[in-house]
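Heads up, the thing below is written out as structure tokens.
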Amino acid sequence: MPSFSSLLTFRVNRHRRLVWALSGLALVLSVVGLVASTLAPAIGSPLRPGLDFTGGTQIELTRSCGAGGCAPLTVSQLEQAVRAVNLPGDGQAAPPDLRGVTAQLLDSGRQVTLRLPTLTAGQGQVLVEQLRSSVGDLASGGLSVETIGPTLGGQLLRSSLISLLVSFVGIALYITFRYDRIYAVLALLALAHDVLITCGVFAWLGLLAGVEVNSLFAVALLTIAGYSVNDTVVIFDRIREKRKSLQGQTLADQADAAVQATLTRSVYTSLTTLLPLMALILFGGSTLFWFAVALSIGILVGAWSSISIAPTLLPLLSRR
């Protein structure tokens, strides 16, 4: 009976055109999603930015529900109720436009989350009072208001982009010093592949489901970068070993032997990493849900690029 490791034997360079086609399709769909998100009037950027980056006010309400549960309430009804609220002006400034409100209902309608333009304390109080007819009574301590200014949101966005750029440069320098410039180029290509596909998925989620990205998404991208490079470096190290022990074979065969030697390890590592992420997705609550989803996508794509993208491009770039 064949072992599990023998079932994972796969000579990737013999099927590199298929591998490139699959990754190319995923990249094209990701770019299309990013472009469509940028052109969408309601978004205007490659990803739908959350409150952390744009600034604004987030109001969380916990409804007081009896034994029979909360009264029926839909997201569209809630958003229409918010748009109908008459807010007072702030001095000479006109009241904020509430047409861009986004609402979420969690925990079977018990938890209400509203993301709005920046409101003053008085405007927030008026909003909550006028929503009581739609939301109903609130539980004790069931009101939370968080306001982030646009300056702080812009600083968070710049800091996130700088962190990603610094990590890319640091990875390139390390691999150039530790291995070779070709390996550094391949590691950056695999890393860009992983980050772009992850961002593409969230671009489509933002378009179709209104999913926003926040500072936790930037943390997820940095974590994906570290995981992807770690997996790729393991493959590179094994390729270097095989180039010494299999000197009579072509570089493509040496890369295939390296992939076969590390494939079982990569699969096991990815699965054991995904297990706690699945727990976060199922039981971690709304705050960590999309963070765990982003990490899960990045780990799957990172494992794919490490065993199929870098080893197949190495023989091609080495000849050139």
Compactness index (Cα Rg / 2.2 N^0.38 Å), the chain:
1.24
Show me, for the range 158-165, the HN-Hα J-couplings you get by feeding each phi into the Karplus relation (A = 6.51, B = -1.76, C = 1.60, θ = phi - 60°), rounded to Hz, glycine and proline as x.
5, 4, 5, 5, 5, 4, 4, 5
Give me a comma-separated list of calculated 3J(HN,Hα) values for the range 290-295, in order, Karplus coefficients 6.51, -1.76, 1.60 applied at θ = phi - 60°, integers in Hz, x for any Gly or Pro.
6, 4, 5, 5, 4, 5
Normalised by the residues of the chain, what does the relative contact order come to in percent, with Cα pairs under 8 Å and at least six apart?
25
At a Förster radius of 45 Å, what calculated FRET efficiency corresponds to the Cβ-Cβ distance of L208 and Q247, to the nearest 0.05?
0.30
When the range 234-309 is reduced to its Cα atoms, the Kirkwood hydrodynamic radius in Å:
13.9
Based on the mean of other Cβ atoms within 10 Å per residue, sort peptides 195-206, 303-314, 219-230, 24-35 so the most packed one is first.
303-314, 195-206, 219-230, 24-35
Using the Cα atoms of the range 56-148, I'd like the radius of gyration and the largest Cα-Cα distance, Dmax, both in angstrom.
13.0, 47
Long-range amide H contacts for V213: which residues qualify at under 5 Å (H placed 1.01 Å from N, peptide plane, sequence gap of 5 or more or a different chain)?
R48, G50
At 222 nm, what helix-only mean residue ellipticity would the chain give, in deg cm²/dmol to the nearest 500, using -39500 (n - 2.57) for each DSSP H run of four or more?
-22500 deg cm²/dmol
Note: A279 to L316 extended length (0.36 nm per residue) minus current alpha-carbon separation gives 9.3 nm
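From largest to smallest, what semi-axes in whole angstrom does the range 131-255 give when each is the square root of 5 times an eigenvalue of its alpha carbon gyration tensor?
Equivalent ellipsoid semi-axes, largest first: 45, 17, 12 Å.
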Selection from S108, S76, G210, by position along the positive dipole direction of the chain (Cβ)
G210
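Only the coordinates and a few stated rules stand behind these numbers; no lab work does. These numbers were taken from a predicted model, which means no experiment stands behind them. Every residue, glycine as well, gets a Cβ built from its backbone with ideal geometry; the counts of neighbours run over all protein chains shown.
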